[in-house]
């Protein structure tokens, strides 16, 4: 784990996940050991992604069709945004278990506001989206303050806030979908494309670009990695630990709400049960992409590949008719394997 004291020795681009190695130890390793060490650092994810594409394409001809490519892009847009959001709190050595409930509550609240404002123009859409994003900001602020101020484990805090959010979603919606959303909302955000590229994917890529700049070229990005690398050491060298953690949670929940709005547009209704699967999916994609479960490390580009890998895997298994129960088993195995590999990779880079 990289200490804040190593900030100047790190790559000037923390988001690229540079890790300071130990040349003396590396020089003493045998050839096979160097290969294993290199694989642990770089990861097999890109290879597995390519292998998955080849396997599914050979089994199911529909896998490589333009229509399925559009479907993969649309599915990727939602998971990519949520995974990048989850990465931010993982980098500061925390975790957000409330992302699924945040999506559900955002879906219900934004939909309810649109319906209450009424009409089919831009005004209800803007009002609903602003309400949803503001809600995400508040959830993140509460999570961040409780975790950073009172030093309560984020796992517990976000499970609690997630339960509250899910309960509120059920209360507001009476457990039923909120229908009657403006057509401008469902058509523009839910189904429109730029060429063959879904608009939601364009938005996700824009978020990727903004976060890349944040993590690689701003002081706040360096603070995130410093806090995750060692909170006490970061505090000693003047890093604002409290503010950094709160901002990480605020960004996480706000981006999650953005994904919730896009998902709502896609399903054309406010759904109180929307988003539950994204808790484990976002964690799995981030950790598979090399973001350390223990903080201080993570590359945005690899997180994107992790999200793409899970989407391709899910899409391919659906096409070849693998049951949803089996898919859950596969996802669980991948998550455990990713955490174990993360532990081994950390040992290899020490």
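The values are calculated or read from the model by the stated rules, or taken from the named source; none is laboratory data. All values reported here derive from a predicted model rather than from experimental measurement. All Cβ positions, even for glycine, are placed from backbone atoms using ideal geometry, and neighbour counts span all protein chains on display.
Only one entry of 206, 169, 184 meets the criterion of being within 24 Å of residue 303 (Cα to Cα) and out of contact with any strand residue (DSSP E or B) (no Cβ under 8 Å at 6 or more places or on another chain), and that entry is 206. Inclusion of residue 163 among residues that are surrounded by fewer than 22 Cβ atoms within 10 Å (Cβ to Cβ) and over 27 Å from residue 283 (Cβ atoms) is not warranted.
Taking the stretch 166-185 as the range and being without any contact (Cβ under 8 Å) to a residue 12 or more places away in the chain, over 25 Å from the mean Cα position of the chain (by Cα) and assigned to a helix (DSSP H, G or I) as the test, only 171 passes. Can residue 298 be described as touching a strand residue (DSSP E or B) at 6+ places or on another chain (Cβ under 7 Å) and surrounded by 24 or more Cβ atoms within 10 Å (Cβ to Cβ)? So residue 298 does not fit the description; no.
Only a single item in (1) in a helix (DSSP H, G or I); (2) surrounded by fewer than 24 Cβ atoms within 10 Å (Cβ to Cβ) is not met by residue 106, and it is number (2). Residue check: is residue 91 surrounded by fewer than 21 Cβ atoms within 10 Å (Cβ to Cβ) and out of contact with any strand residue (DSSP E or B) (no Cβ under 7 Å at 6 or more places or on another chain)? Here the answer is no, as residue 91 does not meet what is asked. The set of residues from the stretch 186-243 being part of a helix (DSSP H, G or I), at pLDDT below 95 and more than 22 Å from residue 144 (Cα to Cα) comprises 186, 187, 188.
Might you check whether a residue that is closer than 30 Å to residue 70 by Cβ, out of contact with any strand residue (DSSP E or B) (no Cβ under 7 Å at 6 or more places or on another chain) and at pLDDT 95 or above occurs anywhere in the stretch 140-152? Among the residues of the stretch 140-152, not one is closer than 30 Å to residue 70 by Cβ, out of contact with any strand residue (DSSP E or B) (no Cβ under 7 Å at 6 or more places or on another chain) and at pLDDT 95 or above, which makes the answer no. Only a single item in (1) surrounded by fewer than 24 Cβ atoms within 10 Å (Cβ to Cβ); (2) over 30 Å from residue 225 (Cβ atoms) is not met by residue 137, and it is number (2). Taking residues in the stretch 131-150 that are free of Cβ contacts under 8 Å to residues at least 40 places away in the same chain, and partners anywhere that are assigned to a helix (DSSP H, G or I), the pairs with Cβ atoms closer than 6 Å and at least 6 places apart or on different chains are 131/109; 131/110; 131/113; 146/157. Take residue 255 and tell me if it is within 20 Å of residue 56 (Cα to Cα), modelled with pLDDT of 95 or more, buried (at least 18 other Cβ atoms within 10 Å of the Cβ) and under 16 Å from the mean Cα position of the chain (by Cα). No. Among the candidates 111, 101, the residue that is over 17 Å from residue 251 (Cβ atoms) and touching a strand residue (DSSP E or B) at 6+ places or on another chain (Cβ under 7 Å) is uniquely 111. Looking only at residues in the stretch 303-324 that are assigned to a helix (DSSP H, G or I) and out of contact with any helix residue (DSSP H, G or I) (no Cβ under 7 Å at 6 or more places or on another chain), the one that is nearest to residue 69 (Cα to Cα) is 318.
Here is a check on your reading of the model: is residue 128 in contact with a helix residue (DSSP H, G or I) (Cβ under 7 Å, 6 or more places away or on another chain) and modelled with pLDDT under 95? For residue 128, the condition - in contact with a helix residue (DSSP H, G or I) (Cβ under 7 Å, 6 or more places away or on another chain) and modelled with pLDDT under 95 - is not met.
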